Amino acid sequence: MLDPDQTLARIRARRPAHALERDLYCDPGVFQADLDQVWYKEWLFAIPAAEIPKTGNYATLQVGAYPVIIVRGADREIRAFHNVCRHRGQRLSAKPCGSAAKLVCPYHQWTYDLDGRLLFARDMGPDFDAGQFGLKPVHCRNAGGMVWICLGEQPPEFDRLQGILQDYLAPSGLLEDAKVAHSSTIVENGNWKLVIENNRECYHCSGSHPSLCRTYSDDPLMTVMEGPHSASPEILSHWDRCDAAGIASRFVNQDDMQWRLARVPLMNHAESFTMSTKAAVSRRMGTIPWNDAGSLMFYHFPSSWHHFLPDHAILFRLLPISPTETEVTSKWLVHKDAVEGQDYDLKALTEVWLSTNDEDRRVVEENQAGIRSPAYQPGPYSPRQEEGVIHFVDWYCRRMTDRLSPQPQALAAE
Ligand code: FES
Ligand SMILES: [Fe+2]
């Protein structure tokens, strides 16, 4: 098991534009460093706000060692807390989601308001000060209808992305008039970085994703993997058309490529990720005037990628479980008044990405199995096809190097 210094040495020794070495995908010490330096410090997409539309609705998730609960308060605000009772530490809820008037610990019934204040604790004596035992908050933002959390004490800057999400998701109704039509959670037996790497390229798509390839181009120019200047004439004219309709669509990103948004057309005026290539939901989500407006693609390292289409949205969240296990949750959002069986058929809505997720699970698991071999040697990424993977690996290595390197102050004190 590598310690943080050994992890840093492995990262520093990497060859640029090459896959990482085996330990960085398998070792428990590296996994712990990933949790400590990335997952416990970055903003993470948690849930769509539409999943907890009413006061008292809550959802839970597990980020490494941290159970977290996200709750809609009586004031409509969404807050996140450590899902850990302030008495003896019981999880307040073990369920993935639910609804409650108050948050009552199942162990000894300490009772918390939806804003985290401790309201009631039986027989704790006259000197007990309930004001000292509110739930511990977790940083939480609602950006364009997406709920984000950060476990770090000092969360990274988020205002710019929040503003951009507000603008780019406005044509999708800010996801406020949405409901979760379907949710799927799978576990992939692969390191979280392999899951992201696989997501950031479509080099594998033609060989792995027959149903997705009906509508989604595997040409990197068509999916603006490399940046706004690589966009094809078709993309550029799509953005002009969207601009004229007031729909934010152009490539926008963080300088270090931690996130990127761009709306791209699907192939041959396909309307949605369906086998028929037609819209899956007859009632559109927001105000986009055409069925063939394509997908607003949004990814954010380390944990999520998303597609916002005129008729539905799909939000993908990954969470690391162990060095070689990653949970992937997909949620399909549709207009809140869309009726299953009438406005949409659930199978037609979900089958392409359910298949694609399973196909990706298999490639990630086989990738992990090969990397375990002592014969594994990191190979070069394709500069044309895997630019997005290079962006991710560079981002990860930079973050880890910055955070694991001895600070100048510490050096001076030595
Ligand atoms: S641990 Fe929660 S009430 Fe005792
Ligand atoms: Fe894939």
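The values are calculated or read from the model by the stated rules, or taken from the named source; none is laboratory data. As the structure is a prediction and not an experimental result, all values here were calculated from the model. Backbone-built Cβ (ideal geometry, glycine too); neighbour counts: all protein chains shown.
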Among the residues of the range 136-154, is any touching a residue at least 60 places away in the same chain (Cβ under 8 Å), surrounded by 17 or more Cβ atoms within 10 Å (Cβ to Cβ), part of a loop (DSSP other than H, G, I, E, B) and aliphatic (A, V, I, L, M)?
yes
Can you go through Ser99, Ser93 and tell me which one is among the small types (Gly, Ala, Ser), more than 18 Å from the chain's Cα centre (by Cα) and crowded, with 18+ Cβ neighbours inside 10 Å?
Ser93
For the range 368-402, give me the residue count where each residue is within 18 Å of Ala17 (Cβ to Cβ) and either within 16 Å of ligand 1 (Cβ to nearest atom) or in a loop (DSSP other than H, G, I, E, B) (or both).
10
Pull up the range 51-109, narrow it to residues that are within 13 Å of ligand 1 (Cβ to nearest atom) and of a type in the set (Ser, Thr, Tyr), then point me to the one that is farthest from Phe128 (Cα to Cα).
Ser93
Does Ala348 count as out of contact with any helix residue (DSSP H, G or I) (no Cβ under 8 Å at 6 or more places or on another chain) and either in contact (Cβ under 8 Å) with a residue 12 or more places away in the chain or not basic (Lys, Arg) (or both)?
yes
Identify the single condition in (1) assigned to a strand (DSSP E or B); (2) touching a Gly at 6+ places or on another chain (Cβ under 6 Å); (3) of a type in the set (Ser, Thr, Tyr) that Ser184 does not satisfy, given that it satisfies every other one.
(2)
Looking at the range 179-199, can you tell me whether even one residue there is farther than 20 Å from Tyr25 by Cβ, β-branched (Val, Ile, Thr) and at pLDDT below 95?
no
Just a yes or no: is a residue in the range 210-233 assigned to a strand (DSSP E or B), in contact (Cβ under 8 Å) with a residue 12 or more places away in the chain, away from ligand 1 (no atom under 16 Å from the Cβ) and within 24 Å of the chain's Cα centre (by Cα)?
no
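Looking at the structure I just gave you, is Met275 over 23 Å from the mean Cα position of the chain (by Cα) and not polar (S, T, N, Q)?
It is true that Met275 is over 23 Å from the mean Cα position of the chain (by Cα) and not polar (S, T, N, Q).
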Of (1) more than 29 Å from Ala313 (Cβ to Cβ); (2) part of a loop (DSSP other than H, G, I, E, B), Leu114 satisfies every one except (1)
